[in-house]
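Step one of this worksheet: look at the structure below.
The values are calculated or read from the model by the stated rules, or taken from the named source; none is laboratory data. Quick caveat: nothing in here was measured; it's all calculated off a predicted structure. Cβ placement follows ideal geometry from the backbone for every residue including glycine, while neighbour counts extend to all protein chains displayed. Just the protein is used for accessible areas: all its heavy atoms, side chains included, with ligands, DNA and RNA removed. Shrake-Rupley method; radii C 1.70, N 1.55, O 1.52, S 1.80 Å.
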Amino acid sequence: MLVLDERVVAGTERLRLRPGPVAKSPRNPLFGEEFFADPPKRWEARYDNLYPTVIFDDGRFQLWYNVSIRDESSEQTPLAERVHTPFLGGISEKGLLYAVSDDGLAWTKPDLGLIAFAGSLDNNIVMSTESHGVHGAGVLKDPLDQDPARRYKALFKAFFNDARPDRMATAFSADGLRWSQPLPWPEHSAAGDTHNNALRLADDGRYVALTRGWVGAADDRVRVVLRTESEDFVHWSEPVQVFRGEDAHDQIYSMPMVHRGSGYLGLPAIFHKGDETAPDWDTVDTELAWSPDTVSWNRVCPGEPLIPRGEGSYPDGAYDCGCLYAAAPLLMGDSHYLYYYGGNGQHNAFREGTFNLATLPRDRFAGYQAARSERGRLTTAPLTLGAGGLTVNVDVARGGSLRAAVVDETGRPIEGYGLDDCVPIFAGGVDAALTWEKRPANLGGRRVRLVFELHHATLYALSGTVRLA
């Protein structure tokens, strides 16, 4: 039960909700564009956001990433000349590429022999503009589908070479490599020029997807997040706006999502495009969002990136100093893997793109933190305790501590469960046990509140036998 869920916390004193301790891998960049490599991969003309999907399955990591397999401006402008040359774009073709890794760090781009590029099958393309009209594809592995040919599902914006207009589409695959022809949505559509991504709800099996729309006048449009759902991954409901930023300098460009705890996490890419005088103009940050149901979304710590951009600017800045787009978090043991695209330049300028990794201890996406000189308090909403024990996900700094009291739902103390009855937690951990003079089992089935006292500590989550009342 993550404390960033506003349903969990009734009130705080002298505490601040802060993003978790994300650490970038020292191996970054894990890989980058190879158009100018030796030998070159000519189908990697420009890494334009990547919109990565990463799955860990059968002991290996699988990656699907979106690139411009042809990009006129990038192909014709050598790296050394780009700092003096405006990026004009020009003719561009999109593709979905595939890579694989045993350890999540060293990645292989296999020659799959599936789709021809410049007369050769020696590439790792699994979809292209010519074969599928693909843009912004997100991939879902669906083990619950009884049809093996539909085990992998893709959602994307399709470009058709006939009289049909561009529209949202789906495709299916048995192995994630060989894909069916795109099926345009029979009803409705969306702008879709984003990281289109979907998941399957655990309670009823429906599919929910997030895509993009635009709102506002033609000369002042901003990007917003749209939600749609489906019973069969073919017929989709009319996309409805569920999330937006503050203004043109705070647009939500894309947002992959994942189920976690008692709700859903989103990683919105915040596009800064309104104020040309701002130091972050035309850059993209990745923040954190939360929803109890995929319908109502709230930004967690607005304006504070979950994965900070690197220092500097093009062309001498860090590999991720300009734009950052993340994949949905992947839980590996006691760590979340946050794979992401990093660009070293502004969004509408030349930038060389890379694929990168950041990590975060389990469920430490955001937590309530007490200042070093103060003791803060957090009171939960009413909870129902089970017969087992309670644990907390807490980080305790040197000299700090966490204690907790159990009170009834009106706030009255319960004998034996006061702050002074609690054994202080000094070391922290992702599953640190709470213990009192009396055992929590004596409170099984009772509606109570927890009152935490934090000193030089950050509280991220509650777990054990506890649920929202």
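Data table
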item	result
Complete set of residues in region 364-380 that are open to solvent by less than 20 Å² (accessible area, probe 1.4 Å) and of a type outside the set (Phe, Trp, Tyr)	ALA366, GLY367, ALA370, GLY376, LEU378, THR380
Options LEU88, LEU97; residue that is hydrophobic (A, V, I, L, M, F, W, C), more than 30 Å from HIS456 (Cβ to Cβ) and in contact with a helix residue (DSSP H, G or I) (Cβ under 8 Å, 6 or more places away or on another chain)	LEU88
Residue selected from region 15-71 under the condition under 23 Å from LEU331 (Cβ atoms) and charged (D, E, K, R), by the criterion most open to solvent (accessible area, probe 1.4 Å)	ASP58
Residues within region 6-34 that are aliphatic (A, V, I, L, M) and part of a strand (DSSP E or B), tallied	5
Top-ranked residue in region 161-178 [being surrounded by fewer than 22 Cβ atoms within 10 Å (Cβ to Cβ) and closer than 24 Å to GLN241 by Cα; ranked as nearest to the chain's Cα centre (by Cα)]	ARG167
Some residue of region 179-202 being over 30 Å from ASP293 (Cβ atoms), in contact (Cβ under 8 Å) with a residue 24 or more places away in the chain and either open to solvent by less than 30 Å² (accessible area, probe 1.4 Å) or outside any loop (DSSP other than H, G, I, E, B) (or both)	yes
Where TRP64 falls short, out of the listed (1) touching a Ser or Thr at 6+ places or on another chain (Cβ under 6 Å); (2) in a loop (DSSP other than H, G, I, E, B)	(2)
So ARG299, is it part of a loop (DSSP other than H, G, I, E, B), of a type in the set (Lys, Arg), modelled with pLDDT of 95 or more and buried (at least 17 other Cβ atoms within 10 Å of the Cβ)	no
Top-ranked residue in region 433-450 [being touching a helix residue (DSSP H, G or I) at 6+ places or on another chain (Cβ under 9 Å) and modelled with pLDDT of 80 or more; ranked as least open to solvent (accessible area, probe 1.4 Å)]	LEU434
Filter result (small (Gly, Ala, Ser) and under 16 Å from TYR341 (Cβ atoms)) within region 45-79	ALA45, SER68, SER74
Every pair of residues 6+ apart whose Cβ atoms lie under 6 Å, when the first sits in region 381-401 and is touching a residue at least 24 places away in the same chain (Cβ under 8 Å) and within 17 Å of GLY20 (Cβ to Cβ) while the second is open to solvent by less than 20 Å² (accessible area, probe 1.4 Å) and among the polar types (S, T, N, Q)	ASP395/THR458
Qualifying strands (runs of 3 or more DSSP E) (wholly inside region 335-382; at least 1 residues being at pLDDT below 95 and more than 26 Å from GLY104 (Cβ to Cβ))	366-370, 375-380
Test result for GLU75, open to solvent by 30 Å² or more (accessible area, probe 1.4 Å), closer than 26 Å to GLU130 by Cα and not in a strand (DSSP E or B)	yes
Qualifying residue in region 266-274 (condition: surrounded by 14 or more Cβ atoms within 10 Å (Cβ to Cβ), hydrophobic (A, V, I, L, M, F, W, C) and farther than 20 Å from PRO19 by Cα)	no
Pairs with Cβ under 7 Å, 6+ apart, first in region 115-140 and under 11 Å from LEU96 (Cβ atoms), second in a helix (DSSP H, G or I) and open to solvent by less than 40 Å² (accessible area, probe 1.4 Å)	ILE115/SER131
Checking PHE172 against (1) assigned to a strand (DSSP E or B); (2) modelled with pLDDT under 95, the condition it does not meet	(2)
Residues within region 407-429 that are within 18 Å of LEU378 (Cα to Cα) and open to solvent by 30 Å² or more (accessible area, probe 1.4 Å), tallied	10
Residues of region 237-256 classified as farther than 13 Å from GLU287 by Cβ and of a type outside the set (Ser, Thr, Tyr), total	9
Residue in region 277-286 that is part of a strand (DSSP E or B) and touching a Phe, Trp or Tyr at 6+ places or on another chain (Cβ under 7 Å) present	yes
Single residue of GLU229, GLU238 found to be assigned to a strand (DSSP E or B), acidic (Asp, Glu) and open to solvent by 40 Å² or more (accessible area, probe 1.4 Å)	GLU229
Residue in region 141-160 that is more than 26 Å from LEU330 (Cα to Cα) and over 25 Å from the mean Cα position of the chain (by Cα) present	yes
Test: residue in region 288-311 that is without any contact (Cβ under 8 Å) to a residue 12 or more places away in the chain and more than 18 Å from the chain's Cα centre (by Cα)	yes
